[in-house]
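Peer 1: Could you have a look at this structure, given as C-alpha cells, before my questions?
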Amino acid sequence: MFVFTSPDGRSFEAESVTALEALDRLGQKKGAVAARVDGDLVDLATVLTDSSLVEAVPASSDEGLEILRHSTSHLMAQAVRRLFPGTKVAIGPAIKEGFYYDFDVNGTLTEGDLKRIEDEMRRIVKESHRVERFFLPRDEAIARFRDEGEIYKVELMEEIADDEISLYRQGEYVDLCRGPHVPNTSMLRHFKLLSLAGAYWRGDEKNVMLTRIYGTAFAEKEDLEAYLTRIEEAKRRDHRKLGRELDLFSIQEEGPGFPFFHPRGMALRNKLIEFWRNEHRRAGYEEIMTPLILDRDLWIRSGHWDHYRENMYFTEIDGAPYAIKPMNCPGGILVYKSQIRSYRDLPLRIAELGTVHRHERSGVLHGLMRVRCFTQDDAHLYVTPDQIKREIQGIMDLVDHVYSDVFGFAYHVELSTRPEKAMGEKELWDRAEQSLQEALEEKGVAYRLNPGDGAFYGPKIDFHLEDCIGRTWQCGTIQLDFQMPEKFDMTYVGSDGAQHRPVMLHRTVLGSLERFMGILIEHFAGAFPFWLAPLQVRILPVKGEHQPWARSVETLLREWGLRVEVDGRDEKLGKKIRDAQLQKIPYMLVIGEREVESKRVAVRERSKGDLASLSLEGLQELLLGEYDPLGDAPSLRRSVPHP
RNA sequence: GCCGGUGUAGCUCAGCUGGUAGAGCAGCUGACUUGUAAUCAGCAGGUCGCCGGUUCGAGUCCGGCCGCCGGCUCCA
C-alpha cells in the first residue's frame with residue numbers, strides 16, 4: 001500500500017492509482033490539467049506507483065497554461081496535417097504568451113488559411129480524442145517516423161539518448177513529446193491563431209525555412225478576450241504610430257533605417273541629452289566628440305575590418321579608403337593616446353554622444369528601435385585592473401538610477417559571453433567574463449546568461465527594456481575589453497614609473513538615443529512627463545480678442561524656460577481642447593474674458609481635466625514645481641515679470 | 001538576407017468578376033465670435049510604390065524591383 005498526500009495535508013492509501021484518481025480522492029480534481037507528483041509534472045493518466053505528494057496543476061496556473069498551450073500546439077499540428085496532407089511537422093512549444101508550431105508545408109500557407117485551421121481544430125476538439133502517452137523503442141520510433149517522411153522528428157529523435165522514446169497519440173495524430181498534456185482534446189477551448197511567419201529549422205539561417213504559426217490559448221474565454229484586447233490596446237502605443245501622430249519623427253523611403261527628427265522629436269531628444277549630460281557630469285564623466293569618417297587602416301587595426309566589416313559602410317577620400325564609424329571606440333582610443341596618461345588620471349571616464357552607422361539587414365529595421373544610423377550615449381572608461389569591479393558597479397548604479405528612479409522602467413539584465421568570431425585569447429575572455437559575473441553577483445543583481453552573444457572584443461552585461469507588446473530591446477550595455485588596449489598599445493605610467501596596460505570598459509546607459517526614445521514613447525504612450533514633453537503647455541484663447549493676453553502669458557512662460565505655444569486658430573474651445581488632448585500636451589491654459597480681466601489663467605491638466613483658475617504666481621508654482629530630474633537648472637528663472 | 005503579408009490624397013481607409021479614382025479627418029478660403037474632447041459651407045489635393053508585360057483598355061491580371069508590417073536570423 002502507498003500513501004498519497006495533498007499539500008493541504010489530506011491523504012489516503014491505495015495500491016495503485018492514476019494521478020487523476022489521486023487528485024479526485026484528495027478533493028483537487030476540479031480544473032486540473034495535469035498533476036505535480038513529488039515535484040514532477042505528469043499527465044493525469046499517469047499511474048502512481050509509490051507514496052507521493054500529489055498536487056493539482058490548474059489550467060489557470062502558469063504551468064497549467066503552459067501545458068494547455070503546448071497541447072493546443074499539438075492540436076493545431078493535427079489540424080494542419082489533416083488539411084495539408086504531406087506536411088512535415090518540426091517543433092511546437094509553448095512560449096511566453098502562447099505557442100507556435102513549425103511546419104514544412106507543400107506549397108505555402110497564407111493568413112487566410114488560419115481560419116480554416118482553427119475550424120479544423122474546433123472539429124478535433126468536438127471529436128474529443130483522448131491524448132495518450134506511449135513509449136516505443138528508439139529504433140522503432142525512428143523507423144516509424146522515417147517511413148512517414150517526418151525528417152525533422154527523426155533528426156530530433158536521433159539526438160535523444162534514451163532507449164525508449166516518449167510519444168503522444170490523439171486520434172490519428174502521433175507526435176514526439178515529453179509532455180505532459182491535457183488528457184483530452186475536448187479540454188482545449190479558448191484559443192486563437194494569431195500570425196504566420198517564416199522560421200529557420202533549428203534557428204539556423206543555413207537551414208531550410210519552415211512555416212511557423214503562432215497562436216495563443218487560455219483557460220477561460222474572458223482571459224483570451226482580455227489578451228486580444230490588450231494586444232490591440234498595446235498597438236496604439238506603437239512608437240511608429242505615435243511618432244507620426246505627435247509629429248516626432250518620420251522615416252522616408254529615401255532613407256530606410258535613417259530616421260528624420262521633426263521639431264517636436266528634437267525637443268524630446270534635446271531634453272534627453274540635457275538630462276544625460278547632467279547625470280554624467282555628476283558621475284564624473286568628461287565628454288568628447290570624434291569624427292564620423294576615419295582612415296580604413298584604423299579599422300583594420302582595431303579588428304573591425306576582420307570582425308565587423310559586413311556591418312560597415314565605406315567611402316573614399318582623394319582615392320584613399322575610409323570607413324564610416326560603426327562604433328566610437330577607435331576614435332576614443334586615439335584621444336586617449338593623444339597624450340601620456342598617468343595612473344593618477346585613472347579611472348578616466350570619457351563619454352561621447354557618438355553617431356554611428358551600421359549596415360543592418362533590411363528585414364530587421366524597426367521604427368526607431370532598429371535603425372542604420374543612431375547616436376549611442378557611449379563612454380569609454382580606462383581603468384587599472386583593480387578598479388574594474390568598482391567602475392562596473394558604478395555604471396550599474398547609474399543605469400538603475402536612470403531606468404528605475406527617473407523613468408520607472410522595468411528591465412532585465414543579461415550576461416553575454418564569448419562569441420564564435422571572438423578576437424584574442426580565451427584566458428583573457430575568461431578573466432573578463434568572470435569580472436562581470438562577480439560584479440553582478442556582488443550587487444545581487446539577477447541576470448540571464450546569454451552565451452556567445454558578447455561583442456567581438458569582449459563580454460558584456462546588457463540591460464534590456466520592453467516595448468509595448470513585450471518585445472525586449474537591449475539598451476544599456478557594459479563591455480569589458482582587454483583586446484583594444486593591446487591592439488593599440490595603450491599605456492599609462494604607474495606609480496613605479498613603468499608603463500602599464502589599462503583595461504577598457506565600453507558602456508552605454510540609454511543605449512542609443514533612437515531606441516531609448518522609442519521605448520520612452522511606448523512606455524508613456526506619448527504622454528510624456530512634464531519635464532520631457534516636447535510641448536509642455538498650450539494656451540487656448542476662447543475668442544480672438546483674448547489673444548493679446550494669451551500672447552503675454554506665452555512670453556512669460558518662455559521666460560520661465562518652458563515649451564509653450566498659443567492655439568490662435570479660429571476654432572471653438574472644445575475643438576482646441578480636443579486637439580491638445582490628442583497631442584497629449586500636459587497643460588492647457590484657457591484664457592477667456594474672466595481670465596483677461598483678472599489677469600489669471602484657467603488650468604486644465606491632460607489627465608485630471610479642469611483644475612482651477614490661477615494667478616500667474618500660482619501658475620509658476622504649479623509648473624515649476626513639476627518633477628524635473630534636471631533639478632535646479634539655471635534656465636528656470638523664478639521671478640514673475642508682469643506683462 | 002530569408003518566409004508570409006502589404007503598398008490608392010498629408011493621415012485612416014472605400015474602389016464587385018479589367019472600362020483611365022472616392023469618403024472622413026487634416027490643409028486652404030469664407031461665414032460664425034465661440035468657456036472645457038470635433039461650428040458650418042466651399043475649394044484644392046492622387047504619374048493608384050517603381051519598372052516592364054498581357055489587353056482595344058490595367059488601381060484591378062502577370063513578372064521583376066523597392067518600401068513597409070509580422071516573424072526568423074542578426075544587433076544599441
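Coordinate-derived values only; no laboratory data. These figures come from a predicted structure and were not determined experimentally. Quick reminder, even Gly has a Cβ in these numbers, built from the backbone with ideal geometry, and neighbours come from all protein chains shown.
Peer 1: Along the principal axes of its C-alpha atoms, what lengths does the stretch A:537-624 span, in descending order and rounded to whole Å?
Peer 2: The Cα atoms of the stretch A:537-624 stretch 28, 27, 21 Å along their principal axes.
Peer 1: For chain A, what does the helix formula give at 222 nm: sum of -39500 (n - 2.57) over DSSP H segments with n ≥ 4, over the residue count, nearest 500 deg cm²/dmol?
Peer 2: Rounded to the nearest 500, it is -10000 deg cm²/dmol.
Peer 1: Are there trypsin sites (Lys or Arg not before Pro) in the stretch A:537-630 that DSSP marks as loop and that have at most 14 other Cβ atoms within 10 Å, and which are they?
Peer 2: A:K543, A:R569, A:K572, A:K599, A:K608
Peer 1: If I model a spin label at A:K575 and A:F12 as a point 7 Å from the Cα along the Cα→Cβ vector, what separation in nanometres do I get?
Peer 2: Distance between the two pseudo-spin positions: 7.5 nm.
Peer 1: For the stretch A:20-31, just list the computed ³J(HN,Hα) in residue order, Karplus coefficients 6.51, -1.76 and 1.60, θ = phi - 60°, integers in Hz, with x standing in for Gly and Pro.
Peer 2: 5, 4, 4, 4, 4, 6, 9, x, 10, 5, 4, x
Peer 1: Additional query: What are the residues whose amide H is under 5 Å from the amide H of A:A455, where those residues sit 5 or more places off or on another chain and H is modelled from the backbone?
Peer 2: The answer is A:K460.
Peer 1: Pairs A:K30/A:K221; A:K543/A:K575; A:K271/A:K584; A:K96/A:K443; A:K426/A:K487: which exceed 19 Å Cα-Cα?
Peer 2: Beyond 19 Å between Cα atoms: A:K96/A:K443.
Peer 1: Moving on. Give the relative contact order (percent, whole number) for chain A; include only Cα pairs under 8 Å separated by 6+ residues.
Peer 2: 9 percent
Peer 1: Return the sequence-ordered ³J(HN,Hα) values of the stretch A:282-298 in whole Hz as given by the Karplus equation 6.51 cos²θ - 1.76 cosθ + 1.60 applied to θ = phi - 60°, using x for Gly and Pro.
Peer 2: Taking θ as phi minus 60°, the curve returns 4, 8, x, 9, 10, 10, 10, 9, 10, x, 6, 10, 9, 3, 4, 4, 4 Hz for the stretch A:282-298.
Peer 1: Then there is this: Counting other Cβ atoms within 10 Å, keep those with at most 14, restrict to DSSP loop, and tell me which chymotrypsin sites (Phe, Trp or Tyr not before Pro) in the stretch A:212-280 are left.
Peer 2: Within the stretch A:212-280, no chymotrypsin sites (Phe, Trp or Tyr not before Pro) qualify (loop, at most 14 other Cβ atoms within 10 Å).
Peer 1: Trypsin sites (Lys or Arg not before Pro) within the stretch A:445-474: which are DSSP loop residues with at most 15 other Cβ atoms inside 10 Å?
Peer 2: Values: sites: A:R448, A:K460, A:R471; in loops: A:R471.
Within the stretch A:445-474, the qualifying trypsin sites (Lys or Arg not before Pro) (loop, at most 15 other Cβ atoms within 10 Å) are A:R471.
Peer 1: If packing is taken as the mean number of other Cβ atoms within 10 Å per residue, what is the order of A:352-362, A:33-43, highest first?
Peer 2: The peptides rank, most packed first, as A:33-43, A:352-362.
Peer 1: Taking a cut-off of 20 Å between Cα atoms, list the aspartates and glutamates near A:K153, but don't count ones fewer than 8 places away on the same chain.
Peer 2: Once the sequence-local aspartates and glutamates are set aside, what remains near A:K153 is A:D102, A:D104, A:E132, A:D139, A:E140, A:D162, A:D163, A:E164, A:E172, A:D175, A:D204, A:E205.
Peer 1: Under 14 Å Cα-Cα from A:K241, which aspartates and glutamates qualify once same-chain neighbours fewer than 8 residues away are excluded?
Peer 2: Hits, sequence-local ones excluded: A:E232, A:E233, A:D467, A:E522.
Peer 1: Report the calculated FRET efficiency for A:E172 and A:D610 (r = Cβ-Cβ distance, R0 = 45 Å), to the nearest 0.05.
Peer 2: Once the sixth-power term is evaluated, E becomes 0.10.
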